[in-house]
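The values are calculated or read from the model by the stated rules, or taken from the named source; none is laboratory data. If you're wondering where the values come from, they're calculated on a predicted model, not measured in any experiment. Quick reminder, even Gly has a Cβ in these numbers, built from the backbone with ideal geometry, and neighbours come from all protein chains shown. Keep in mind that these areas ignore ligands, DNA and RNA; they rest on the heavy atoms of the full protein, side chains included. Shrake-Rupley method; radii C 1.70, N 1.55, O 1.52, S 1.80 Å.
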Amino acid sequence: MRPSNRSKILDAAVRVIHRDGLIGVTFDSVAAEASVTRGGMMYHFPSREALVQAIHEHLAAQWEASLESVAGKSKSETTPTERAIAYARTSARSANRAELLSALQSSESTATAAAWDTVLEGWASPAPEHLDDQPVLDRFIARLAADGLWVYESLTGKKLPDQIRDAIAAQIVSVIESAPVRVSNK
């Protein structure tokens, strides 16, 4: 089945962001990238704001699909540890500039943040509320490491070799799966 023009436009917008940043997203730039007319763009997205919102939702949905694929099941069927592992592995293999820029920019608006918040609140480990909850602390530390890998790969023009990225992801997962270690409250 052919992808819809809407999907084609959103995929083209992601390529524009990857190449030119969010500032490069205009009706003309995305229409040219998608090989559609400006009118075709406006049929699906009546304003730039509608296009930007759809880009956030599109990228967040792709992340959600990747997370479920890595976990091998839906979010509702996973444990906190399985979600943390899926998040770490997805972050290790899905880094790209468009996703990072979109996620960062989303904090500027409640509407755009909602798309990413749904994914992050469902899959990314939350900060611990107490130091005596070691598994939660371990999962949060692993999340910070996975986020760091994602940011590193998104901001540098040089991708890590697959073998090194996989080893880093395995090390992050080992933190999640490791036996609890006591942390002093001092």
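Quick notes on this one:
- Filter pass, D138 being part of a helix (DSSP H, G or I), more than 30 Å from I9 (Cβ to Cβ) and out of contact with any Asp or Glu (no Cβ under 6 Å at 6 or more places or on another chain): yes
- None of S66, S107 is within 28 Å of V30 (Cβ to Cβ), of a type outside the set (A, V, I, L, M), open to solvent by 50 Å² or more (accessible area, probe 1.4 Å) and within 14 Å of the chain's Cα centre (by Cα) except S107.
- Scope the stretch 1-37; condition polar (S, T, N, Q) and either outside any helix (DSSP H, G or I) or within 19 Å of the chain's Cα centre (by Cα) (or both); matching residues: S4, S7, T26, S35, T37
- Every pair of residues 6+ apart whose Cβ atoms lie under 7 Å, when the first sits in the stretch 40-67 and is assigned to a helix (DSSP H, G or I) while the second is open to solvent by 40 Å² or more (accessible area, probe 1.4 Å): G40/N5; H44/N5; H44/R6; Q53/A111; A60/T118
- Output for the stretch 44-58, where each listed residue is out of contact with any Lys or Arg (no Cβ under 9 Å at 6 or more places or on another chain) and either open to solvent by 60 Å² or more (accessible area, probe 1.4 Å) or hydrophobic (A, V, I, L, M, F, W, C) (or both): P46, R48, E49, A50, L51, V52, I55, E57
- Enumeration of residues in the stretch 126-143 that are open to solvent by 50 Å² or more (accessible area, probe 1.4 Å) and in contact with a Ser or Thr (Cβ under 9 Å, 6 or more places away or on another chain): L131, P135, I141, R143
- Where a residue in the stretch 81-100 is within 20 Å of L160 (Cα to Cα) and its partner, wherever it lies, is aromatic (F, W, Y), with Cβ under 6 Å and at least six apart: Y87/W123; S91/W150; A95/W150
- Any hit, the stretch 87-104, residues being more than 19 Å from L22 (Cβ to Cβ), modelled with pLDDT of 90 or more and outside any helix (DSSP H, G or I): no
- Scanning the stretch 69-92 for residues that are hydroxyl-bearing (S, T, Y) and either open to solvent by 50 Å² or more (accessible area, probe 1.4 Å) or closer than 13 Å to V136 by Cα (or both) gives S69, S76, T79, T81.
- Residue check, L131 in a helix (DSSP H, G or I) and hydrophobic (A, V, I, L, M, F, W, C): no
- Being at pLDDT 90 or above, out of contact with any helix residue (DSSP H, G or I) (no Cβ under 6 Å at 6 or more places or on another chain) and either within 15 Å of E99 (Cα to Cα) or loosely packed, with under 13 Cβ neighbours inside 10 Å (or both) is true of A61.
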